[in-house]
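Novice: This is the structure I want to talk about, given as structure tokens.
The values are calculated or read from the model by the stated rules, or taken from the named source; none is laboratory data. Computed from a predicted structure; not experimentally measured. No Cβ is skipped: glycine too gets one built from the backbone with ideal geometry, and neighbour counts run over all protein chains shown. Surface areas here come from the heavy atoms of the whole protein model, side chains and all, with no ligands, DNA or RNA. Shrake-Rupley method; radii C 1.70, N 1.55, O 1.52, S 1.80 Å.
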Amino acid sequence: MIYLGCDHGGFVLKEAICEHLKKQGIAFTDCGNTQYDSEDNFPDYVEPVVKGVLNDQDNRGILICGTGIGVSIAANHHRGIRAALVHSVDYARLARQHNNANVLCLGGRFLDVAVALTIVDTFLNTAMDPNPKYQRRMKAACQE
Ligand code: RB5
């Protein structure tokens, strides 16, 4: 299952991603915000996404705020969350291959929608590189 969350800075992009997933028949849970609210606060939407992702190792999260920075900071406080702030398709691929990222963080104010959708597809369709050096590094990075 894919869990999505956003604040006002990511609302438009989150809606576009939901539409994109729907079109492909990919199951997702929209954790909100479900309407544009210029006064909402991104940590409120990080919490339900993190909970969902931590339920199953195959689950993924997509978090969007204005820059992607706030949501990535908030998500990475949680043990078991590996949130990556991604700016390009190459970043998305490497976040999965080298970092086994389980949460994709995007900056809604800085990404072209078409590019963001390709980033999402890449993130969801790329596996971690099986080379043990990446596992070793991530274990150390996550202090596991
Ligand atoms: C909200 O205006 C903005 O600060 C937020 O979306 C995010 O970019 C924070 O990191």
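Novice: Ignoring ligands, DNA and RNA, what percent of the accessible area of the range 29-138 is carbon or sulfur (1.4 Å)?
Specialist: On the way: 2760 of 5690 Å².
Ligands and nucleic acids excluded, carbon and sulfur reach 48 percent.
Novice: For the range 41-113, just run the numbers: alpha carbon Rg, then divide by 2.2 N^0.38 Å, N being how many residues it has.
Specialist: Values: Rg = 11.3 Å, N = 73, 2.2 N^0.38 = 11.2 Å.
Dividing the Cα radius of gyration by 2.2 N^0.38 Å gives 1.01.
Novice: Per residue, how much accessible surface does the range 20-100 expose to a 1.4 Å probe? Answer in Å², no decimals.
Specialist: Working: 4410 Å² over 81 residues.
Using a 1.4 Å probe on heavy atoms only, each residue of the range 20-100 averages 54 Å².
Novice: Compute the distance in nm between two label points, each set 7 Å from the Cα along the Cα-to-Cβ direction, one at Thr118 and one at Ile69.
Specialist: 2.6 nm
Novice: Straight-line reach from Lys51: which lysines have a Cα under 26 Å away, not including same-chain ones fewer than 8 places off?
Specialist: Candidates past the 8-residue exclusion: Lys14, Lys22, Lys23, Lys139.
Novice: Using the basic label-point model (7 angstrom from Cα toward the beta carbon), what is the Gln35 to His87 distance in nanometres?
Specialist: So the two model labels end up 3.6 nm from each other.
Novice: Could you work out the mean projected area of the convex hull around the alpha carbons of the range 80-127, in square nanometres to one decimal? Walk me through the intermediate numbers first.
Specialist: Details: hull surface 11.6 nm².
Across all orientations, the range 80-127 yields a mean hull projection of 2.9 nm².
Novice: Further, regarding this structure: With N set to the number of residues, divide the alpha-carbon radius of gyration of the chain by 2.2 N^0.38 Å and report two decimals. Please list the in-between numbers first.
Specialist: Values: Rg = 14.0 Å, N = 144, 2.2 N^0.38 = 14.5 Å.
Against the compact-globule rule of thumb, the ratio is 0.96.
Novice: Can you give the three extents of the C-alpha atoms in the range 9-59 along their principal axes, from longest to shortest, in whole Å?
Specialist: Ordered largest first, the range 9-59 gives principal extents of 32, 26, 12 Å.
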